[in-house]
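Undergrad: Quick one: structure below, then a few questions.
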Amino acid sequence: PAKRRARHLEAGLGRELPVESGASLSALGGNPSYREPEALPGLGGPGAPLDPAPWGFRKAVRLGAGQIHQLELDLDVLSRGARGLDDLRLARDGKQVPYVVESTSLTRPLPLTLVPEPDPKRRNVSRWSLQLPRKRLPAGSLSFAVQQGVFQRDARLLEDLPDDRGVAHPLTLAASSWVRRPGSATGPLLLTLSQEPHGDRLWLEVENGDNPPLTFTEVKAWLPVTRILFKVDPGPELHLYYGNREARAPEYDLALAAPQLLAAAKADAALGAEEALAAAPHQTAGEAGSGSWIFWGVLGLVVAALLFVIARLLPAPPPVT
């Protein structure tokens, strides 16, 4: 009896061993009738209807396997969307798909190019321009690799921002005192931005004193990684809408399950190509100085009206005899 039990146990571990009855086990296989249990049951489902007319852009969302998905937002979405991502909408068949925003501590590098722009009036100041790939680039910091090993410099990052009259004024986005002593670490120098740029061109100024200018070998902007988490089944095409800066932040009941979504196993989703929609994205104040045209137009009308009134108040010239 003991030998018989042992042989039955070995057979139960998957070995095709004969038993006294002459029966054997087949190879391990899947059960075609098995259905994987629903992930986070009770969550998900379509949200409120969405009218896409006020949105300027959209991208198709390619889903991975599974029901819980995470989608990393790319540069297009981060730069063209509203501040705070209030205008993001996932939609399928005209209805919203609720999501939760995940702000991570991760960053992605974006290489930039410095172009020398010397100021002849300030010979002890080095000046460069940086052309950004997008307006309103959501960079948290910029890093600069240099050749020199020992130095002390004051650096600042500026942006020319027009006021309502179209007159440009320098706005300081970041400032730092860079010091590298003998024997210290030789990592990149950092400038942490106090706010995101409005336009797509910045200026770097470095005070040299009586020293030669620094030689930069690499410049990078560091973009924060932001994801949205959502639950959706395979089905019709899913789109991410953005570019409506008048939209208010959505309010989804799914926010109550944010801890469960963050802890759940997630499949990676990906964004497709950008599609420009009929609606034009709303322009933020100071982006293009459009208020200057209004200012000068009103000023011209006021001057014309004053000249007309003055002309009416002047005495008539004496008749010619």
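Undergrad: What percentages, rounded to whole numbers, describe P(r) for segment 106-230 computed over all alpha carbon pairs with 5 Å bin width beginning at zero?
TA: Going out from 0 Å in 5 Å bins, segment 106-230 shows 2, 10, 19, 23, 19, 13, 7, 4, 2, 1, 0, 0 percent.
Undergrad: Rounded to the nearest 20 debye, what is the charge dipole size of segment 110-166 about its Cα centre when +1 sits on each Lys and Arg Cβ and -1 on each Asp and Glu Cβ?
TA: Computed charge dipole of segment 110-166: roughly 100 debye.
Undergrad: With a 1.4 Å probe and all protein chains left in place, how much accessible area per residue does segment 203-251 have, in Å²? Please list the in-between numbers first.
TA: Details: 2220 Å² over 49 residues.
Dividing the accessible area of segment 203-251 by its residue count gives 45 Å².
Undergrad: While we're on this one: Below 17 Å, Cα to Cα, which lysines can Lys135 reach? Residues fewer than 8 away in the same chain don't count.
TA: Reachable lysines: Lys220.
Undergrad: Work from the charge dipole of segment 198-274 (Cβ charges, +1 for Lys and Arg, -1 for Asp and Glu, about the Cα centre) and give the residue of Thr215, Pro259, Ala270 farthest towards its positive end.
TA: The one lying farthest along the dipole's positive direction is Pro259.
Undergrad: Treating cross-link reach as a plain straight distance, find the lysines whose alpha-carbon is under 20 Å from the alpha-carbon of Lys231, omitting any fewer than eight places away in the same chain.
TA: Answer for Lys231, where 20 Å is the Cα cut-off: Lys59, Lys95, Lys266, listed by chain and number.
Undergrad: Another question about this same structure. For segment 57-110, with only Lys/Arg (+1) and Asp/Glu (-1) charged at the beta-carbon, what is the dipole magnitude about the Cα centre, in debye rounded to 20?
TA: Values: 9 positive and 7 negative charges, 36 e Å.
Roughly 180 debye for segment 57-110.
Undergrad: Here's another thing I want to ask about it. Quick check: the distance between the Cα centres of segment 97-112 and segment 194-251, to the nearest angstrom?
TA: A separation of 9 Å, based on Cα centres.
Undergrad: Leaving ligands, DNA and RNA out of it, work out the accessible area of Glu102 with a 1.4 Å probe and give it in Å² to the nearest 10.
TA: 40 Å²
The values are calculated or read from the model by the stated rules, or taken from the named source; none is laboratory data. Computed from a prediction, not measured in an experiment: that's the story for all the values here. Note that we place each Cβ from the backbone using ideal geometry, even for glycine, and neighbour counts take in every protein chain shown. Keep in mind that these areas ignore ligands, DNA and RNA; they rest on the heavy atoms of the full protein, side chains included. Shrake-Rupley method; radii C 1.70, N 1.55, O 1.52, S 1.80 Å.
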